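Everything on this sheet refers to the single structure shown next.
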Amino acid sequence: MYDTDAPLIATRALSAGYGSQPVVRDLDIEVRPGEVVALLGPNGAGKTTTLRALAGSLTPMHGEVRWLGEPGRAPLHRRARQGLAYVGERAVFTRLDTADNLRVGRVKTQQALELFPELEKRLKTGAGMLSGGEQQMLSLARALCRAPKLLLADELSLGLAPLVVDRLLRAVREAADRGLGALLVEQHVRKVLDIADRVYVLHRGRVTMTGTPQELGGHLDAIESSYLAEKTTQETTYATD
Ligand code: ATP
C-alpha cells in the first residue's frame, strides 16, 4: 500500500538529456502530497528537460525516477492514468471550443466553471480565439478537475498579465491545500515564491540551491540576476554565431 505522506515522485542522481549528452545531472528532487514546489532557473538551465524526465516523456540516462514509490520508466500516458498531470505550453485543442475541450478532457463543465468562472462566457468560443490567460485557465481546468495526484506545470504564466498569473497560481495553491503535489517551473520568481512550500534552483543542469522561500529570500536578487547574466551570455553567444 502506498504511504500517503511519501513522495509522489522522487529522483535519485537523475541525469537526462538528448542524444548522448546529459542536460541535467545528479538531480535529487521530490514532491510530496500537499506541497507546491517551484523549479527555478535561467533559460537553458534544464527545467523543461527535468519535467519531461519526471513525466516519463524522456528516458533517464542515469539514476532513477520513483513514481508513487516505484522505480520505473513508465511513459507519460501510463503515469497520466495513475494521476500525473502535465501542463506544457497552452495545452488546448485550438480547433475545438472551450466546452468541447473540457468534454474531450473528460472534465465536467460545472466543475471547471467552479474553478474558473471566467470561462463561462467563453464556452462556445474556439480555444484558439481565447486570450492567453483564458487558454491557460482552460489547460489548468482540464488538468486539475481530473483530481490528479501530481501536477507538473511548465511556465503556466508565460506572457500573462500579473493578475491572471495570480489567479492561476492561487488555483494551484488551493488544489495543493486539498492534497495535490505540484512542481511548477516559473519565470515569475517572486509570485511563485508567494505560494510555494519549497524551491529548487537549477543552473546549468544542476541543483545549486534548495530550501523554503524564507530560506531563499535573502538570495532572490542573486537568483534573478543569474537569469539576466545567463540571458546576456546566450545573447552574446548567438551574436557571435
Ligand atoms: P527555457 O526556459 O529556455 O525553456 P529550460 O531551463 O527549460 O529553459 P531546457 O528546455 O530543458 O531548459 O533546455 C536545456 C538545454 O537542452 C538547452 O541547451 C536546450 O537547447 C537543450 N534542448 C532542449 N530540448 C532539446 C531537444 N529536443 N534536443 C536537443 N537539445 C535540446
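The values are calculated or read from the model by the stated rules, or taken from the named source; none is laboratory data. Computed from a predicted model, the values in this text were never measured in an experiment. Glycine gets a Cβ as well: all are built from the backbone with ideal geometry, and neighbour counts include every protein chain shown.
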*Count, please, the residues in segment 121-152 that happen to be closer than 14 Å to residue 104 by Cβ and in a helix (DSSP H, G or I).*
6
*Considering 193, 150, 130, 184, which residue is closer than 26 Å to residue 34 by Cβ, surrounded by 15 or more Cβ atoms within 10 Å (Cβ to Cβ), more than 16 Å from the ligand (Cβ to nearest atom) and modelled with pLDDT of 95 or more?*
150
*asked:* Can you list residue pairs whose Cβ atoms sit under 6 Å apart, with the first residue in segment 207-218 being within 13 Å of residue 28 (Cβ to Cβ) and the second being outside any helix (DSSP H, G or I) and not aliphatic (A, V, I, L, M)? Count only pairs 6 or more apart in sequence or on different chains.
replied: 207/200; 210/200
_Selected residue [touching a strand residue (DSSP E or B) at 6+ places or on another chain (Cβ under 9 Å), within 22 Å of residue 175 (Cα to Cα), among the small types (Gly, Ala, Ser) and assigned to a helix (DSSP H, G or I)] from 38, 80, 85, 112_ = 80
*asked:* Condition (residue is within 26 Å of residue 226 (Cβ to Cβ), modelled with pLDDT of 95 or more and basic (Lys, Arg)) applied to segment 29-39: is it met by at least one residue?
replied: no
_Residue that is farther than 23 Å from residue 14 by Cβ, within 16 Å of the ligand (Cβ to nearest atom) and either buried (at least 16 other Cβ atoms within 10 Å of the Cβ) or not hydrophobic (A, V, I, L, M, F, W, C) (or both), where the choices are 90, 52_ = 90
*When segment 15-35 is examined, which residues are found to be part of a strand (DSSP E or B) and within 13 Å of the ligand (Cβ to nearest atom)?*
15, 16, 17, 18, 21, 22, 23, 24, 25, 27
